[in-house]
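Quick notes on the structure that follows.
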Amino acid sequence: MQPGLRVPTWDRKVLGVTVKHTSWNKAWLKVLQAVVFFVFLFLFAQPVRATPDLKWPFDPGPTWGIWQGYNTAAIGGTHGLLVYDKYSFDLTQDGAGQFGSAGKNVLASVSGYVVWQDWNKAPVDDFGCIAIRLPGSQVIGGSTFYFFLMSCHTVFSQDWRYQNISQGTLLGTVASAGQKHNGNVAHTHITLYRTTSSTGMGTRIGLPFSDNSGQGGYRIDGYNFPKNDAIYNQYRNTSGLRSTNYTACPPYPYPGQDSSRWWLFQQAYDRWGGREALGCATGPTYWWNGGGGWLVRQNFKTDKMKRKGSISKGGD
């Protein structure tokens, strides 16, 4: 310290002991407090995950409803027999009854990585389930969690395992009543859960389709379904659910598929100018409508779409 330089001091009692402080000490104390604060944020703050844009797993157009809702194990249902599926939904098309949803398209509700899938277990009748890991992770209570969207009772079009897929990908179709362990009701099942395993296994914790405080989940297609564990089969008979999910690229039909997705061709041609404009793969194929007003032949060489009655047979 320079001779003659006077530094302001003041006294403070700490645990009964008088301690002298200087203004320099006070400044360094503030710096130290700031450093400790930022270290605490780095070590203990929990990052906030971007809210995923979940969509219903069915096509736009006809509305669907909830056949079995949350928390049904205590009244003879299946949601809650396993901890992670307590807040699941079983979905059927409105007015379709027990059998009418069979063959309807099942779409990927979210973009992500397929960690597992019931695939090619013939002649064993599997559950037709697929689990998609949502992008990112979140630290909760000091542990890193991954989030998954699972759907079941699907007749898959192909093996989707260990690849990234986009929201709206046509995964397959709803299994007929009595198949894929669907309880003799043609429906699609969806479950949202989290676990510390990036493979989707381990201790899985079921989450409601709600972003309300304390719920831990996410909305789906803008709909909010907060949980209330005091209510059995919560949300049963909810109807009028509309999807904004769709497949940007009409997929090729697999053997035996009866495609009714004429409206996708309408979208692609009328709004975006054709399949190639969407960045979709090209190649000749045929499409059939099993009961509507369209029978579509897609010829990627001439880029034409023909109405029922004027379609040519074979060729290309």
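Remark: pairs (first residue in region 158-183, at positive phi and in the same structural domain as TRP119 (by TED's automatic domain parsing); second residue modelled with pLDDT of 90 or more and of a type outside the set (Phe, Trp, Tyr); Cβ separation under 6 Å; 6+ apart in sequence or on different chains) = GLY168/LEU107; GLY172/VAL106; GLY172/THR154; GLY172/VAL155; GLY178/ASN184; LYS180/GLY128; LYS180/HIS153. Candidates are the residues of region 140-163 that are polar (S, T, N, Q) and closer than 17 Å to THR195 by Cα; the one that is surrounded by the fewest Cβ atoms within 10 Å (Cβ to Cβ) is SER143. The residues listed here are SER198, SER137, SER166, SER213; of these, the one that is surrounded by fewer than 20 Cβ atoms within 10 Å (Cβ to Cβ) and more than 17 Å from the chain's Cα centre (by Cα) is SER213. Within region 202-231, the residues that satisfy the criterion of being hydrophobic (A, V, I, L, M, F, W, C) and either touching a residue at least 24 places away in the same chain (Cβ under 8 Å) or in contact with a helix residue (DSSP H, G or I) (Cβ under 6 Å, 6 or more places away or on another chain) (or both) are ILE205, LEU207, PHE209, ILE220, PHE225, ILE231. Looking only at region 77-116, count every residue that is aliphatic (A, V, I, L, M) and either within 22 Å of SER210 (Cβ to Cβ) or buried (at least 23 other Cβ atoms within 10 Å of the Cβ) (or both) and tell me the total. Final tally of qualifying residues: 8.
So which of GLY61, GLY100, GLY80 ends up being free of Cβ contacts under 8 Å to residues at least 60 places away in the same chain and assigned to a loop (DSSP other than H, G, I, E, B)? Answer to the selection: GLY80. Among the residues here, GLN138 does not qualify as closer than 19 Å to GLY183 by Cα, touching a Phe, Trp or Tyr at 6+ places or on another chain (Cβ under 9 Å) and among the polar types (S, T, N, Q). Within region 117-128, is even one residue hydrophobic (A, V, I, L, M, F, W, C) and buried (at least 17 other Cβ atoms within 10 Å of the Cβ)? Checked against the condition, which is being hydrophobic (A, V, I, L, M, F, W, C) and buried (at least 17 other Cβ atoms within 10 Å of the Cβ), region 117-128 yields no hits at all.
The values are calculated or read from the model by the stated rules, or taken from the named source; none is laboratory data. What you see is a predicted model; the values in this text were computed from it and never measured. Ideal geometry is used to build each Cβ from the backbone, glycine not excepted, and the neighbour counts take in all protein chains shown.
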